[in-house]
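Chemist: Could you have a look at this structure, given as structure tokens, before my questions?
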Amino acid sequence: MSIKIKERRISVKDIETRKGVEPIVCLTAYSAPMAEFIDDNVDIILVGDSLGMVLYGMPSTLGVTLDMMIAHGAAVVRGSDKACIIVDMPFGTYQESPQAAYRSCARVMAETGCSGVKLEGGVEMAETISFLTKRGIPVMGHIGLKPQSVHTAGGFKVQGRKPDEIESIKKDAVAVAEAGAFSIVIESTIEQLSSEITKESPIPTIGIGASVDCDGQVLVTEDILGLFSDFTPRFAKRYAELGTQISDAAEKFASDVKSRRFPTDEHCFKAKK
Ligand code: KIV
């Protein structure tokens, strides 16, 4: 008899110690089956609020609710047993005050079983990050392009092209690390800036449209699989074309049904003799 020894989940502490040692691999998942497919090959599974756009067809992430994140977060935890699971905090559930953030994050941690949360913001969120981390909630920061600020930023724009933006993003990175975050996502930021932040930051940086020098990389799984075609960002490398395969399979099924080639004997139940 062979006994399968269950691997311990990767913890946020394990992620912290990977800085400068080995690149951190991170992908998003929103469902139990997707989590199961990717679990063996990633260190972190991010239950991103990108699910609003990718899964629910919303125009931005602003309509995502806490209940949605909790339902998807719990599914991803159930579907995985190795990766460190981080759940995104949705718009409006943490910005108001550290206390409001604590209540929302505590629900996410308790009701999903995840290992930490991610929230967008730099200097302006430092007090909240410090409040949360001192009370047992591991936080991953998110700086550079912050999709929840799409309206104040005037669109999904690459950040750090102007000198004042460079300075403010550097300050954000320092503030998030000093507040006690265990890692920071840097999104859509000019390469040199992400590289500099990575060299100076004491905590791991996870890049998305950032730099190969970051301590890790994250992409939206549907983007790399060809399952989301509304918009393909420059930074999303395609590793498969599953969307096309799904359309082809649906076409073949439709043709089989219309021509009565499906079902055949092997798919039908017969009475016992
Ligand atoms: O919501 C998300 O999926 C994210 C990643 C793109 C970093 O925040």
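Chemist: Might you check whether a residue that is away from the ligand (no atom under 15 Å from the Cβ) and either assigned to a loop (DSSP other than H, G, I, E, B) or surrounded by 24 or more Cβ atoms within 10 Å (Cβ to Cβ) (or both) occurs anywhere in segment 143-154?
Modeler: Scanning segment 143-154 turns up at least one residue that is away from the ligand (no atom under 15 Å from the Cβ) and either assigned to a loop (DSSP other than H, G, I, E, B) or surrounded by 24 or more Cβ atoms within 10 Å (Cβ to Cβ) (or both).
Chemist: While we're looking at this one, here's another question. Hey, among A75, A71, A32, which residue is free of Cβ contacts under 8 Å to residues at least 24 places away in the same chain, closer than 14 Å to T112 by Cβ and hydrophobic (A, V, I, L, M, F, W, C)?
Modeler: Working: A75 fails: free of Cβ contacts under 8 Å to residues at least 24 places away in the same chain; A32 fails: free of Cβ contacts under 8 Å to residues at least 24 places away in the same chain.
So the residue among A75, A71, A32 that is free of Cβ contacts under 8 Å to residues at least 24 places away in the same chain, closer than 14 Å to T112 by Cβ and hydrophobic (A, V, I, L, M, F, W, C) is A71.
Chemist: Starting from segment 198-221, keep only residues that are within 15 Å of I86 (Cβ to Cβ), then list their pairs with residues that are at pLDDT below 95 and of a type in the set (A, V, I, L, M) whose Cβ atoms are within a distance under 7 Å, requiring at least 6 positions of separation or different chains.
Modeler: Correct list of pairs: L219/A236; V220/A236.
Chemist: Just one of the numbered conditions (1) part of a helix (DSSP H, G or I); (2) under 23 Å from I143 (Cβ atoms); (3) within 16 Å of the ligand (Cβ to nearest atom) is not true of K13; which one?
Modeler: Every listed condition holds for K13 apart from (3).
Chemist: Go through the residues of segment 117-129 one by one and say whether even a single one is under 21 Å from D172 (Cβ atoms), modelled with pLDDT of 95 or more, aliphatic (A, V, I, L, M) and within 14 Å of the chain's Cα centre (by Cα). Don't jump to the end; show me each part of the working.
Modeler: From segment 117-129, those under 21 Å from D172 (Cβ atoms) are 117-129; that's our starting set.
Now restrict to residues that are modelled with pLDDT of 95 or more: 117-129.
Narrowing further to those that are aliphatic (A, V, I, L, M): 117, 119, 123, 125-126, 129.
Remaining after also requiring within 14 Å of the chain's Cα centre (by Cα): 117, 119.
Yes - at least one qualifying residue is present in segment 117-129.
Every residue, every condition in (1) assigned to a helix (DSSP H, G or I); (2) more than 14 Å from the ligand (Cβ to nearest atom), yes or no:
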residue: R161; (1), (2): no, yes
residue: E165; (1), (2): yes, yes
residue: S168; (1), (2): yes, yes
residue: A177; (1), (2): yes, yes
residue: V185; (1), (2): no, no
residue: L193; (1), (2): yes, yes
residue: I197; (1), (2): yes, yes
residue: P202; (1), (2): no, yes
residue: Q217; (1), (2): no, no
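Chemist: A follow-up question, please. Mind listing whichever residues of segment 230-261 are over 18 Å from the mean Cα position of the chain (by Cα) and of a type in the set (G, A, S)?
Modeler: A240, G243, S247, A249, A250, A254, S255, S259
Chemist: Same structure, new question: So is T128 away from the ligand (no atom under 16 Å from the Cβ) and surrounded by 22 or more Cβ atoms within 10 Å (Cβ to Cβ) or not? Working first, answer last.
Modeler: Working: away from the ligand (no atom under 16 Å from the Cβ): yes; surrounded by 22 or more Cβ atoms within 10 Å (Cβ to Cβ): yes.
So T128 fits the description; yes.
Chemist: Further question: Of the residues D256, D230, which single one is surrounded by fewer than 19 Cβ atoms within 10 Å (Cβ to Cβ) and out of contact with any helix residue (DSSP H, G or I) (no Cβ under 9 Å at 6 or more places or on another chain)? Full working, then the answer.
Modeler: Working: D230 fails: out of contact with any helix residue (DSSP H, G or I) (no Cβ under 9 Å at 6 or more places or on another chain).
Of D256, D230, the one residue that is surrounded by fewer than 19 Cβ atoms within 10 Å (Cβ to Cβ) and out of contact with any helix residue (DSSP H, G or I) (no Cβ under 9 Å at 6 or more places or on another chain) is D256.
Chemist: Among the residues of segment 35-54, what is the count of those that are in contact (Cβ under 8 Å) with a residue 40 or more places away in the chain, of a type outside the set (D, E), within 12 Å of the ligand (Cβ to nearest atom) and more than 12 Å from C114 (Cβ to Cβ)? Explain how you work it out, then say what you get.
Modeler: Taking segment 35-54 and keeping what is in contact (Cβ under 8 Å) with a residue 40 or more places away in the chain, we get 35-36, 38-40, 42-50, 53-54.
Still in the list and also of a type outside the set (D, E): 35, 38, 42, 44-48, 50, 53-54.
From the residues that got through so far, the ones that are within 12 Å of the ligand (Cβ to nearest atom) too are 44-48, 50, 53-54.
Restricting the remaining residues to those that are more than 12 Å from C114 (Cβ to Cβ) gives 48, 50, 53-54.
Final tally of qualifying residues: 4.
Chemist: Residue check, T244 against (1) touching a Leu at 6+ places or on another chain (Cβ under 9 Å); (2) modelled with pLDDT of 95 or more, all met but one. Which one?
Modeler: Unmet for T244, out of (1) touching a Leu at 6+ places or on another chain (Cβ under 9 Å); (2) modelled with pLDDT of 95 or more: (1).
Chemist: Condition check: modelled with pLDDT under 95 and either more than 30 Å from I197 (Cα to Cα) or polar (S, T, N, Q) (or both). Does R8 satisfy that? Spell out how you get there, then give the answer.
Modeler: Working: modelled with pLDDT under 95: yes; either more than 30 Å from I197 (Cα to Cα) or polar (S, T, N, Q) (or both): yes.
Yes: the conditions hold for R8.
Chemist: If you scan segment 191-224, which residues turn out to be crowded, with 19+ Cβ neighbours inside 10 Å, out of contact with any Asp or Glu (no Cβ under 8 Å at 6 or more places or on another chain) and of a type in the set (A, V, I, L, M)?
Modeler: Hits for segment 191-224 are L193, I197, V218, L219, V220.
The values are calculated or read from the model by the stated rules, or taken from the named source; none is laboratory data. A quick note: this is a predicted structure, and the numbers were derived from the prediction, not measured. Cβ sites come from the backbone with ideal geometry, for glycine too, and all protein chains shown count toward neighbours.
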